[in-house]
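Everything on this sheet refers to the single structure shown next.
The values are calculated or read from the model by the stated rules, or taken from the named source; none is laboratory data. Since the structure is predicted, the reported quantities are computational estimates derived from the model, not experimental observations. Using ideal geometry, Cβ is built from the backbone for each residue, glycine included, and neighbour counts are taken over all protein chains shown. The accessibility values were calculated without ligands, DNA or RNA, using every heavy atom of the protein model including side chains. Shrake-Rupley method; radii C 1.70, N 1.55, O 1.52, S 1.80 Å.
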Amino acid sequence: MTSEQIKTLDKENVMQTYGRFDVVIDHGVGSTLYSPEGREYIDFASGIGVNSVGYGNERWLRAITDQAAKLAHISNLYYSEPYARLASILTARTGMADVFFANGGGEANEGLIKLARKYSYDKYGLGRATILTLVNSFHGRTITTLKATGQEVFHQYFFPFTEGFRYAEANDIASVRAQAGDDVCAVLLELVQGEGGVMPLERDFVDQVKALCEQNDWLLLVDEVQTGVGRTGTLFAFQQYGLLPDACSFAKGIAGGLPMSGIMANEKCRGVLTPGTHATTFGGNPVSAAAGIAVQEILDDDALAQVREKGDYLRARIEGFHSPAVAGVRGLGLMLGVQLREGYSNAALCADLAQRGLLALTAGQNVLRLLPPLVITREELDRGLSILKDALAAL
Ligand SMILES: *Cc1c(COP(=O)(O)O)cnc(C)c1O
């Protein structure tokens, strides 16, 4: 089918919940994507931080095809090797105690919320179910995770929302203290707010939140759906904050392009979710888990060091453009935000970049968000940078 035919078919038959770019993608190689007509796009978006090992990675592909030929799905009523092996790799590389696999980020965060509330209920009984989250956070699209998201625009239409969330300002410990109370059981935060505008939390603030959690026996929950699996240059962002959270979620990049997510708990929270209290039919299915194992093998410590180097390079090159449209570049590893000045529009820039052959993302208040595949080559980075330079110069 041609791009025009695909767009028409979509508009007639698909719920129009996405404001899509005027771009149709047919296939990819490395970190470059192609339309049905062969139009080329450099990928600085990774399918929103998912395609961390690029397109057509041989090791990843072999893991999936071999596993699909053996067994694609069996349910969680039975043991299977890929699930157990991927969990063991994650606990070994992080120091966490145990893992539960699910399918998407919102679903994983629901699991975190359930874990925190059950931990507290088991120990203290009813009335201690409130979770503090941060203003400008993003935690998902379910009725509960919309409410966990600290942005009023998400608290519309779908009433009634799940109760039990209060919001504190990021990087402001007084604001967290002001939301404290006997009803609180946990704090949930992203270490780099992704959708909210690529805002890294300050190390001091995180240390203070951790201390507050310890004083009050609140669980410290980290949403690593976007920051996890190498995106920020360590396997999980909490590892560069010198932190072992009580529990964390992950999703986007975990299986390099197949739907998968999960949560991990530390020793204190091991076994909080007991048989029958949490489940999901597809969670950790053998094909996704095999893909996840391949991703872990590809993203070894050397590859993670390269993520940090590529991130530094990307940031330095963009700063070096000295564009009057750019107020600054921030982020960690290959999760970068280009803050635009007033009078420039991230959405317009992003659409223009797509027309020029570079896929990027928007975030927060006028931020251009860059999430290239973690395996992107220097040559592909340079080609993307040259498109970005031209587009900024044309503003
Ligand atoms: C994308 C994202 C989610 C939601 O993940 P889905 O897979 O879309 O449900 C939750 N939290 C963060 C930090 C995210 O970036």
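Compute, for the chain, the length of the dipole vector about the Cα centre, with Cβ point charges of +1 (Lys, Arg) and -1 (Asp, Glu) only. Units Debye, rounded to 20.
Value, rounded to 20: 260 debye.
Roughly how many Å is it from the Cα centre of the range 1-43 to that of the range 276-298, as a whole number?
Result: 28 Å between the Cα centres.
Would you calculate a helix-derived [θ] at 222 nm for the chain, using -39,500 (n - 2.57) for each DSSP H run of n ≥ 4 and dividing by the full residue count, to the nearest 500?
-11500 deg cm²/dmol
Which order, highest average first, do 266-273, 371-378 follow once you tally other Cβ atoms within 10 Å for each residue and take the mean per peptide?
Packing proxy ranking, top to bottom: 371-378, 266-273.
Output ³J(HN,Hα) for the range 161-177: one whole-Hz value per residue in order, computed from phi by the Karplus curve 6.51 cos²θ - 1.76 cosθ + 1.60 with θ = phi - 60°, and x for Gly and Pro.
Result, ordered by residue: 7, 5, 7, x, 10, 10, 10, 10, 6, 5, 6, 9, 5, 4, 5, 5, 4 Hz.
Name the shape class, rounded, prolate or oblate, that the alpha-carbon gyration tensor gives for the range 90-223, where a ≥ b ≥ c are the square roots of its eigenvalues, rounded holds for a/c under 1.5, and otherwise prolate holds if a/b is larger than b/c and oblate otherwise.
Note, shape of the range 90-223 comes out rounded.
For a paramagnetic label modelled at 7 Å from the Cα of MET15 toward its Cβ, which residues of the range 100-143 fall within the zone defined by backbone nitrogen distances under 18 Å?
Once the point is set 7 Å along Cα→Cβ of MET15, 104-107, 140-143 turn out to lie under 18 Å by backbone N, inside the range 100-143.
Order the peptides 71-82, 173-184, 104-115, 380-391 from the highest to the lowest mean number of other Cβ atoms within 10 Å of their residues.
Sorting 71-82, 173-184, 104-115, 380-391 by mean packing, highest first, produces 104-115, 380-391, 173-184, 71-82.
Among residues other than ALA148 whose Cβ falls under 10 Å from its Cβ, what is the net charge (Lys/Arg +1, Asp/Glu -1)?
Residues close to ALA148 contribute a combined charge of -1.
Under the rule of at least 5 residues apart or a separate chain, name every residue whose amide H is placed under 5 Å from the amide H of ALA168.
HN-HN under 5 Å from ALA168: THR133, LEU134, VAL135.
According to a simple spin-label model (label point 7 Å from Cα along Cα-to-Cβ), what is the distance in nm between THR8 and ARG59?
Placing both labels 7 Å along Cα→Cβ, they lie 4.5 nm apart.
Which one, GLY357, GLY28, GLY320, has the greatest fluctuation when you compute a Gaussian network model over the chain with C-alpha springs under 10 angstrom?
The residue that fluctuates most here is GLY320.
Roughly what % of Cα-Cα distances in the range 193-299 sit above 23 Å, to the whole percent?
35
For the chain, I need the span (max minus min coordinate) of the C-alpha atoms along each principal axis, in Å, sorted largest to smallest.
60, 53, 46
Of all accessible surface on the range 90-174 at a 1.4 Å probe, what whole percent is carbon and sulfur?
So the carbon and sulfur contribution to the accessible surface is 56 percent.
So what's the projected area for the range 174-226, the Cα convex hull averaged over all directions, in nm²?
3.9
Sorted from largest to smallest, which semi-axis lengths in Å does the alpha carbon gyration tensor of the range 1-74 give for its equivalent ellipsoid, taking the root of 5 times each eigenvalue?
One finds semi-axes of 26, 18, 13 Å for the range 1-74.
Using modelled backbone amide H atoms (1.01 Å from N, in-plane), which distant-in-sequence or interchain residues come within less than 5 Å of THR362's amide H?
Placed amide hydrogens put ARG369 under 5 Å from THR362.
Placing +1 at every Lys and Arg Cβ and -1 at every Asp and Glu Cβ, with all other atoms neutral, what dipole size does the range 224-351 have around its Cα centre, in debye to the nearest 20?
Values: 10 positive and 11 negative charges, 65 e Å.
Using only the charged Cβ atoms, the result is roughly 320 debye.
Quick one: pull the percentage of alpha-carbon pairs in the range 290-388 with a separation above 21 Å.
Within the range 290-388, distances greater than 21 Å cover 34 percent of Cα pairs.
May I ask you to order 202-215, 338-351 by the average number of other C-beta atoms within 10 Å around their residues, highest value first? Provide the component values of the computation, followed by the final result.
Working: 202-215: 15.4, 338-351: 16.9.
Answer by packing, highest mean first, reads 338-351, 202-215.
Quick one: Karplus J couplings for the range 249-259, per residue in order, coefficients 6.51, -1.76, 1.60, θ = phi - 60°, nearest Hz, x for Gly and Pro?
Values, residue by residue: 10, 8, 6, 1, x, 4, 10, x, x, 9, x Hz.
Between THR234, THR144, THR17, find the one with the highest GNM mean-square fluctuation for the chain; connect C-alpha pairs within less than 10 Å.
Evaluated over the chain, the most mobile residue of the options is THR17.
Over the range 240-292, what per residue volume does the convex hull of the Cα atoms give, in whole Å³?
Values: hull volume 5.3 nm³, N = 53.
So the per-residue hull volume is 100 Å³.
Largest first and to the nearest Å, give the Cα extent of the range 1-139 along each principal axis.
61, 39, 28
Along the range 21-29, what does the Karplus equation 6.51 cos²θ - 1.76 cosθ + 1.60 (θ = phi - 60°) give for ³J(HN,Hα), rounded to whole Hz, x for Gly and Pro?
Ordered by residue, 3J(HN,Hα) equals 5, 7, 9, 10, 10, 9, 7, x, 9 Hz.
Quick one: of LYS268/LYS310; LYS210/LYS310; LYS114/LYS147; LYS70/LYS114, which pairs are farther than 25 Å apart, Cα to Cα?
Long pairs (Cα-Cα over 25 Å): LYS268/LYS310; LYS210/LYS310; LYS70/LYS114.
Give the accessible surface of the chain per residue, rounded to a whole number of Å², with probe radius 1.4 Å and ligands, DNA and RNA excluded.
Per residue, the chain has an accessible area of 44 Å².
Could you check which residue among ARG315, ARG330, ARG39 shows the biggest mean-square fluctuation in a GNM of the chain with a 10 Å Cα cutoff?
Highest fluctuation of the listed residues: ARG39.
What's the center-to-center distance, using Cα atoms, between the range 306-330 and the range 343-369 in Å?
15
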